[in-house]
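Scroll down for the structure; my scribbles are underneath it.
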Amino acid sequence: MIRRGVWIVGSAVAVGGIVFLGHCPWLGRSELVAPPQVKAPAPMTVPSASSAADDKAPGVDDAKAHAFRLPAGDAPALTCEAARAIVTQARTQLGYPPDPVDARSFADAAADWLDPFGLWSVAPDAPVAPAFDHLARDLVADLEGRHRNCEAAGALGATIVPWIAELRAIYDDATAPSASSEDATAAASTPAFEGATVTRPARELAAELGRRVGTIARDLGPAGRRYVDAARARYFPDLDASGWQRVVLAAAVRAYVPSIDPHGAWAPLDEESSVYEVDLEAHPPTRLWDKAERTAIGLKIESGAAAPLADGDVLLSLGGVAAAGLSFEQAEQLGFAASESRPPATAVVMRAGQRLPVTALLDDAANDAKGAAAAADEDDLPVERVAYGEGDAVLVAIHDVRDDLGDELTRVLLRERERDGRPIVGVVLDVRGNGGGSTDGAIDALGLFIPGASLFPMRRRDGSLETDRAPEPPGVDRWTGPVAALVDGDTASAAEMIAGAIAAYRRGPVVGTTTFGKGCAQEYLDDDAQAGVVRLTTLLYALPDGTPVQRVGLAPTIRFPFGALDPQDREAALLHAPPTWRGPDVRDRAVLARAEDGTWSSAWPLHGGNVGPCKEADVCRALRLLATNGTTARRAHAKPR
């Protein structure tokens, strides 16, 4: 599960207070992949009074993205007291009583989090992983405060010291000058680490790292000294047993939180970007590259480099931080932090055709990337107009529920209504494969269809309830004609909210298969040790009529077989998933009556068989079912709305 080697920066961080996560909350630490059309549910955020990510007031659209700090490059570390404070916070603020921790799986995860390279604890010849297994129960007791001084973590720290010393000696021997024909560019560009499964012995990796770094030191001379020194210090930290104890405790906390909460996580401030979902922000931080690999001396940019960086560059330093020996999480955060830094950050790279490192200022990179992102944001909801009876149905594909989904939908619907041609008879929200996103985005989007409606009851562990209300946008922005939603087994979280509210208020039919069943919410919190950020399940939610979602999913109004349903790929199959909760019916009767008084039209008109063509044949088949949606089907002349 180690996150090392190649990654594709994609669905990573959303700033705000509450997060909804769906199935596969941990994709493994080997890579991050840009969000595909059908993917694991993503976090859904709403403002929170206690948010590590953002201090802005609820409802304020702040154009400034979350500012991550530059990582120092040190291994994350916690004192015994700090580790216990975070674990106590997680256990007490969890939205339901935690299950006992499975010591064996916890030990495996802790050993994995400890080792960012495949050197320290997960390599087949490392003596540390067996020690984790042996001391697993005692390490859990350390974190839960049942041991006085975190003795198990201390014993693990003592085990690591001689092992790191042995690897350091192997590395140092391998860095000795040699007559190797390999040059510095080749040594710096070659990927250094394995993927999800580690099979290479640590001794072998230490020697290989030493050989490559030695070649770079030989060829670059004084120009490479800083990066060579950083590599050695980070691969083989010069820590005593108490220092390694603190590193073990940080890894143990990272393993512990998901052990009681499958949607939870903790990260230190140097790596906090790893717990957020940045692509779901209305104004995400700039990306300086799309794909990169860690090498022995830095980061090789494989694709998507923002000028003045270039694909193929080996990044040695960014914003004054040497890139050699960074963990995956720190490398990811470095890119976010440097892209937003003021004054502009400086990058030092090794570039093909250049004998010595090249220095570049990133001001143009940040501006160019922001401009491209802004242009892309103007039209990022795919729209298809499909002939339906006497007019057209507007099919809007929503792959993520971003913070600004309400604004996106508003732009789309206004543009389509202003187009010349056939009138619009209905709007179809296609949330198949949508893993969720922002509660703000979901609620704002619902304001276009059920303005002012009381929405989702949410319950905390103490029994207190919270309920949001849909906004009331200007009349010109509202859609009062027929609405429908398309769903499947991968529709989760915020997407389930959108479809579920449309169904609960009888605003229109939901067509497809039973959804994923993600009816719990996570909140980003400053940890009580002031050392990092906790993402924790703090709430259970139900649909406006009280129908449970957690572990159950949304039952469609009209069943249509969009894809096969995998019973193992559902919220209910997650180990330690939160329990099901049925809430109170919070629907506004006045809003429910709007279909009866003619304020809006919920029933789809008869189409006389005139549906399509569609880009996807199943969509046309599903649309043909809308006129028999369980409400009273009636003939309706198509007219602009």
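The values are calculated or read from the model by the stated rules, or taken from the named source; none is laboratory data. If you're wondering where the values come from, they're calculated on a predicted model, not measured in any experiment. Note that each Cβ is placed from the backbone with ideal geometry, even for glycine, and that neighbours are counted across all protein chains shown.
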### Query
Residues in segment 545-553: is at least one out of contact with any helix residue (DSSP H, G or I) (no Cβ under 9 Å at 6 or more places or on another chain), modelled with pLDDT of 95 or more and either hydrophobic (A, V, I, L, M, F, W, C) or in the same structural domain as P482 (by TED's automatic domain parsing) (or both)?
yes
### Task
Might you let me know whether segment 209-231 holds any residue that is within 29 Å of T79 (Cα to Cα), part of a helix (DSSP H, G or I) and under 30 Å from the mean Cα position of the chain (by Cα)?
yes
### Summary
D566 fails exactly one of (1) within 30 Å of E81 (Cβ to Cβ); (2) modelled with pLDDT under 95; (3) not small (G, A, S), namely (1)
### Query
So which residues in segment 554-590 are crowded, with 21+ Cβ neighbours inside 10 Å and either over 28 Å from C620 (Cα atoms) or outside the structural domain of D618 (by TED's automatic domain parsing) (or both), if there are any at all?
E571, A577, P578, W581, G583
### Residues of segment 130-156 satisfying the condition of being free of Cβ contacts under 8 Å to residues at least 40 places away in the same chain, touching a helix residue (DSSP H, G or I) at 6+ places or on another chain (Cβ under 6 Å) and assigned to a loop (DSSP other than H, G, I, E, B)
L135, H147
### Task
Sort through A292, A324 and tell me the only one that's surrounded by 24 or more Cβ atoms within 10 Å (Cβ to Cβ) and either assigned to a strand (DSSP E or B) or hydroxyl-bearing (S, T, Y) (or both).
A292
### Query
Among the residues of segment 176-189, is there at least one that is of a type outside the set (S, T, Y), touching an Asp or Glu at 6+ places or on another chain (Cβ under 8 Å), loosely packed, with under 15 Cβ neighbours inside 10 Å and farther than 25 Å from Q330 by Cβ?
yes
### Task
Quickly run through segment 524-546 and pick out the residues that are assigned to a loop (DSSP other than H, G, I, E, B) and either within 12 Å of M458 (Cα to Cα) or in contact with a strand residue (DSSP E or B) (Cβ under 7 Å, 6 or more places away or on another chain) (or both).
D527, A531, L543, P544, G546
### Query
Among the residues of segment 461-487 satisfying the criterion of being buried (at least 24 other Cβ atoms within 10 Å of the Cβ) and under 26 Å from the mean Cα position of the chain (by Cα), which is nearest to D404 (Cα to Cα)?
A470
